[in-house]
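Right, one structure below, let's go through it.
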Amino acid sequence: MRLTTPSFFRRWITALTLMALIPVGCQPAGNGPLTMDTADPANPNPTQTLLTEPTSTRIPIPTAVVTQPPAVVLPDSSGLTIACESNTLLVPVIADTTNSAAAPAVSIAAAGGRVYVVANAGLYAAEQAVVDAGVAAFEPVLLPGVRIGDRVVQELVDMAPDIKGEQLYLLDKAGSLYSLDLSSSQTSLVYRAAPDDQAEVYPQMVAVTVDHENRPVLLDTAHGALWTLYNPGLLEFIYQDEGLMTAVDLAASGGRYHALLRDGSTEVIREGRWPLFREAEEAPGLALSIGASDHLGVDAVFTVDAFHREIALFDQVTGEPISRYVFGFSTPGLLRAAVFSNGRLYALFEGEVVVFPGPEREDAAACAPPSPASIPRPWLYGLDIIAMLRGWRFPIEGGTLPIW
């Protein structure tokens, strides 16, 4: 985004915004080599116990009547698809009963006929057909404060379904990994993060994906490393690169791992880096998430530019651009994450799920291509964070923020 402030101020705002969007747990450092904790061998598959019963108002779910629109299809020769108020549905994740800011929503997935959203630090879900009908019927599935085995679930930061559609992996800010069985709705602890006084730097797990072998893969930005599980509770090293210390998200496609870096570029593990999709002379974007999809008939990865509200698809082998989805909404907010499923695109826009395409309407107007000048200044969870931080200065001359 173009601001009339010094460049160091722009970096200060971007860093603050990313820190607000990606919750992390802070732990003191010790000395010695890195060691990884394991699950309790006496109880390798604990079940959940509530410390405090979460309260929720169950919403009566009407019978979903959906006029099926055309599915997400190949774009025209320009490669551009425009979504706006006239061809989408906006479904709130958490009903706003207090007129407060929108609930922070950071991750979205679709599996087992349901749409899952990590919002307000917890996991919420709704039947996919109900979401397609535009009905706000998300209900809590797992909230912070629940005890699973010997761990209390912290704020959730990411999730990833397995390729068989049987499990949903959930990562909390402490770095513990949980597995939700989609058939029984039981949650178990599969990796327990714990302090280790012998470790020089604790792992900082910020993202989870599932690879072609159906293994959960964790992104550790403290060490610039990827880890998987070869047994419940035991980590196995996959790869390490200093560049991954600036990664914000991770995806797997076609046997490759793709890491999204803070500058908007994508690092293909062991194969090099793809350049920025947006040219340098254009207004910079805000890279927040990366995913994988084969909805167009080829294995592709896609990145989410929160500021320009744009989803860009690339061939997962060559890195060549395939198509772009641009959201031309007139309201302020950040595009946070997306998933393609069952012929539709589900995207997180602030505290709402955008369903594209929505039901066909006779009075629907064509969506005009949004110009950079028409994009409202982004807000963060209902707050004008740029205005709030105007005039702030970094307290240390020439100082920088830590990279994790």
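The values are calculated or read from the model by the stated rules, or taken from the named source; none is laboratory data. Keep in mind the model is a prediction, meaning the values are calculated, not measured. Note that we place each Cβ from the backbone using ideal geometry, even for glycine, and neighbour counts take in every protein chain shown.
Couple of notes before you dig in:
- A single member of Gly391, Gly333 is loosely packed, with under 11 Cβ neighbours inside 10 Å, part of a loop (DSSP other than H, G, I, E, B) and either small (Gly, Ala, Ser) or at pLDDT below 70 (or both), and it is Gly391.
- Output for the range 336-346, where each listed residue is within 21 Å of Ile375 (Cβ to Cβ) and either touching a Gly at 6+ places or on another chain (Cβ under 8 Å) or modelled with pLDDT under 90 (or both): Ala337, Ala338
- Within the range 225-270, considering residues that are under 16 Å from Ala300 (Cβ atoms) and of a type in the set (D, E, K, R), the one surrounded by the most Cβ atoms within 10 Å (Cβ to Cβ): Asp249
- Flag if Ala251 is at pLDDT 95 or above and either within 19 Å of Phe314 (Cα to Cα) or not in a strand (DSSP E or B) (or both): yes
- Taken as a whole, the structure leaves Ala136 outside the set of residues that are in contact with a Phe, Trp or Tyr (Cβ under 6 Å, 6 or more places away or on another chain) and either buried (at least 18 other Cβ atoms within 10 Å of the Cβ) or touching a residue at least 24 places away in the same chain (Cβ under 8 Å) (or both).
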